[in-house]
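All remarks here apply to the structure that follows.
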Amino acid sequence: MTSVRISRRSALAAAAALPIGATLRPMEARAAAEMKGGSVPAFNRFKLGEVEVTALLAGTRTVEKPTEIFGLNVPPEEFAAVSQAAFLPTDKAQFFFTPTLVNTGKELVLFDTGMAPEGMTTALAAAGYSPDEIDVVVLTHMHPDHIGGLMSGGTPTFARARYVTGSTEHNFWSGSPSDLFTANVVPLNERMTFLDDGGTVTGGITAKLAPGHTPGHMAFLVESGGQTLAITADTANHYVWSLAHPDWEVRFDADKPMAAQTRRDLFGMIAADRIPFIGYHMPFPAMGYVEAQGDGFRYVPASYQMMLSN
């Protein structure tokens, strides 16, 4: 690197060379650049064997008092220590809502529908799709943030689609229906197929019962060209407070001991097979890997792995 020094003699010589009446002036002040605000990617698309997968961000929001949602069975000081070690505040958390599209080349399959039709259609549009292109809608379970986008003013958001969900899940909510289940799911019953553990959505997409969060909560395995992706839905809803500590109770889990066991079983398989997974509430783009560590699992966010398979 070369340094440049301007001597007093050189400066005087430069001034003398200026036209008569001209003066050296400092640079004129300019207005400060506009603040643009933070940004979040709208979608993440990659190849998995012969299929194409797109994770869609259908919404994100800040939630206060996460200690009232996660770690209900641990002392506050333990929650605080774990959070500090992970560089996380304990007074608030960021929630993400991530439906997933799988394009098999024959059918466009959507897993879950977000909290509202507006968020769902906006997310689809950002990724270059429209609701009428969806061939199959898979519902992992019947919580509002998964079935909220099914209907718009009493009309199905996905006019051409057929619907798939777990039989145990649908039977449970049919016996104890919520208002949203009645409004959004029941009108679609005649277009719905019901699966049990190991059932097939379409070629290469298999259901895996993952109960506890709800009685019939399901995960799904997508397999193509020797590659596998797990769509884990709400099996674990936080990468530290649930995934790293599977026995920590979560307020939204209907059967907390069963949910903890399901986390151990499903993510134990994912860790052993070293396959990527998409978690509905993981930090967007919601995809990563896990390895068994201590009493739980270490989450490794995906970086460029899926780019190498394109």
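The condition of being more than 17 Å from GLY114 (Cβ to Cβ) and aromatic (Phe, Trp, Tyr) does not hold for PHE181. Please verify whether PRO41 is modelled with pLDDT under 95, under 30 Å from GLY203 (Cα atoms) and not polar (S, T, N, Q), treating the condition exactly as stated. So PRO41 fits the description; yes.
When VAL222 is evaluated against the numbered criteria (1) closer than 23 Å to ALA123 by Cα; (2) surrounded by 21 or more Cβ atoms within 10 Å (Cβ to Cβ); (3) under 16 Å from the mean Cα position of the chain (by Cα), which criterion, by number, is the only one it fails? Evaluating VAL222 over (1) closer than 23 Å to ALA123 by Cα; (2) surrounded by 21 or more Cβ atoms within 10 Å (Cβ to Cβ); (3) under 16 Å from the mean Cα position of the chain (by Cα) leaves (3) as the failure. Criterion first (more than 21 Å from PRO285 (Cα to Cα) and buried (at least 19 other Cβ atoms within 10 Å of the Cβ)) does GLY199 satisfy it? Spelling it out, it is not the case that GLY199 is more than 21 Å from PRO285 (Cα to Cα) and buried (at least 19 other Cβ atoms within 10 Å of the Cβ).
Residues considered: ASP112, ASP135, ASP179. Of these, the only one that is of a type in the set (Asp, Glu) and surrounded by 18 or more Cβ atoms within 10 Å (Cβ to Cβ) is ASP112.
For the criterion of being closer than 25 Å to GLY204 by Cα, surrounded by fewer than 18 Cβ atoms within 10 Å (Cβ to Cβ), basic (Lys, Arg) and at pLDDT 95 or above, ARG264 passes.
Among residues of segment 256-281 that are touching a residue at least 60 places away in the same chain (Cβ under 8 Å) and part of a loop (DSSP other than H, G, I, E, B), those with a Cβ under 8 angstrom from a residue that is surrounded by 17 or more Cβ atoms within 10 Å (Cβ to Cβ) and aliphatic (A, V, I, L, M), sequence gap 6+ or separate chain, pair up as TYR280/ALA233; TYR280/ALA286. Do the conditions hold for ALA292, that is, is it at pLDDT 95 or above, part of a strand (DSSP E or B) and either surrounded by fewer than 20 Cβ atoms within 10 Å (Cβ to Cβ) or of a type outside the set (Phe, Trp, Tyr) (or both)? For ALA292, the condition - at pLDDT 95 or above, part of a strand (DSSP E or B) and either surrounded by fewer than 20 Cβ atoms within 10 Å (Cβ to Cβ) or of a type outside the set (Phe, Trp, Tyr) (or both) - is met.
May I ask you to say which residue of ALA254, ALA271, ALA236 is surrounded by fewer than 23 Cβ atoms within 10 Å (Cβ to Cβ) and either within 14 Å of the chain's Cα centre (by Cα) or over 19 Å from GLY166 (Cα atoms) (or both)? Of ALA254, ALA271, ALA236, the one residue that is surrounded by fewer than 23 Cβ atoms within 10 Å (Cβ to Cβ) and either within 14 Å of the chain's Cα centre (by Cα) or over 19 Å from GLY166 (Cα atoms) (or both) is ALA271. Right, THR121: in a helix (DSSP H, G or I) and within 21 Å of ALA230 (Cα to Cα) or not? In short, no. Scanning segment 83-101 for residues that are within 16 Å of GLU68 (Cβ to Cβ) and either in contact with a helix residue (DSSP H, G or I) (Cβ under 6 Å, 6 or more places away or on another chain) or hydrophobic (A, V, I, L, M, F, W, C) (or both) returns LEU88, THR90, ALA93, PHE95.
The values are calculated or read from the model by the stated rules, or taken from the named source; none is laboratory data. Please read these numbers as outputs of a predicted model, since none were measured by experiment. Positions of Cβ are backbone-derived with ideal geometry, glycine not excepted, and every protein chain shown enters the neighbour counts.
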